[in-house]
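So the structure is just underneath, and the comments pick up after that.
The values are calculated or read from the model by the stated rules, or taken from the named source; none is laboratory data. Remember, predicted model here, so these are calculated numbers, not experimental data. In this analysis, Cβ positions are derived from the backbone assuming ideal geometry, glycine residues included, and neighbour counts consider all displayed protein chains. The protein model used for the area step is the full one, side chains on, heavy atoms only, and it has no ligands, DNA or RNA in it. Shrake-Rupley method; radii C 1.70, N 1.55, O 1.52, S 1.80 Å.
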Amino acid sequence: MAEALTETEKLLVKQKFEPLEALANAVANALDLDALGALGETANKYDVYTDDGGEQFKVIEQSEYCMRVCCKPNHALQLHVFNPQEDNKNASMIFDRPCKCGQCCACCDICKQEMTIMDGNSTEIGHVYQPFLGGGFSPTLQVMDRKGDEEPIATIKANAVCCIAGLFCDHTFEIEDASGQNIGKIVKTKPSSLGELAK
């Protein structure tokens, strides 16, 4: 998996369209019954492509239905990353995120977003953690070698104040190494169609 990441300059992540979920949300919005939209809630699936369009990974979310409905978007989940050219039964990497209180100021542990990154054998290879106050209106995450490390090996920070709900603008997050040198970026693009908005 490491080779695949070093051989490309850019990865494109596309969420798979779930027709049942989109239909349930459309009906719920039309009838002004938000609870009805939860009936179609499904775990997300993603395809990851290289900059030349070749499929690199498949990512499948594993989470409990009630968690997705009641605690969205801060529900506990695991993202299992598979290499489609190899074995689709054994994950190459696992991202594990516990349930957190959510969109508050990240002043206590129950509110701070975090994620443990593991290899296919469930050995921890990294930890992502939201610092105290979480960067305020410009979200910040720190990347550590292990949970409990004092110094981050990288920092991910929004380069501007996030726009409301991400509906009208792209979100760009700059990645810096421990010395403050820019080493990359993550861009979450705004929805370009109603189908993408329904995801």
Inset, instruction - Determine whether segment 17-39 contains at least one residue that is at pLDDT 80 or above and not in a helix (DSSP H, G or I). - result: no
Legend entry - Positions within segment 168-186 being open to solvent by 70 Å² or more (accessible area, probe 1.4 Å) and either modelled with pLDDT of 75 or more or in contact with a Pro (Cβ under 8 Å, 6 or more places away or on another chain) (or both), in sequence order: Glu176, Ala178, Ser179, Gln181, Asn182, Ile183, Lys185, Ile186
Inset, instruction - Filter segment 46-77 down to the residues that are in a strand (DSSP E or B) and exposed (fewer than 15 other Cβ atoms within 10 Å of the Cβ), then identify the one that is modelled with the lowest pLDDT. - result: Glu55
Inset, instruction - With respect to Asp149, determine if the residue is open to solvent by 30 Å² or more (accessible area, probe 1.4 Å) and either among the aliphatic types (A, V, I, L, M) or farther than 18 Å from Val59 by Cα (or both). - result: yes
Inset, instruction - Report the residue count in segment 120-158 for those that are at pLDDT 85 or above, closer than 14 Å to Glu176 by Cα and in contact with a Ser or Thr (Cβ under 6 Å, 6 or more places away or on another chain). - result: 2
Inset, instruction - Would you tally the residues in segment 128-146 being charged (D, E, K, R) and surrounded by 13 or more Cβ atoms within 10 Å (Cβ to Cβ)? - result: 1
Inset, instruction - Kindly indicate the residue of segment 97-119 that is modelled with pLDDT under 80 and open to solvent by less than 60 Å² (accessible area, probe 1.4 Å) and also farthest from Cys71 (Cα to Cα) among those meeting that condition. - result: Ala106
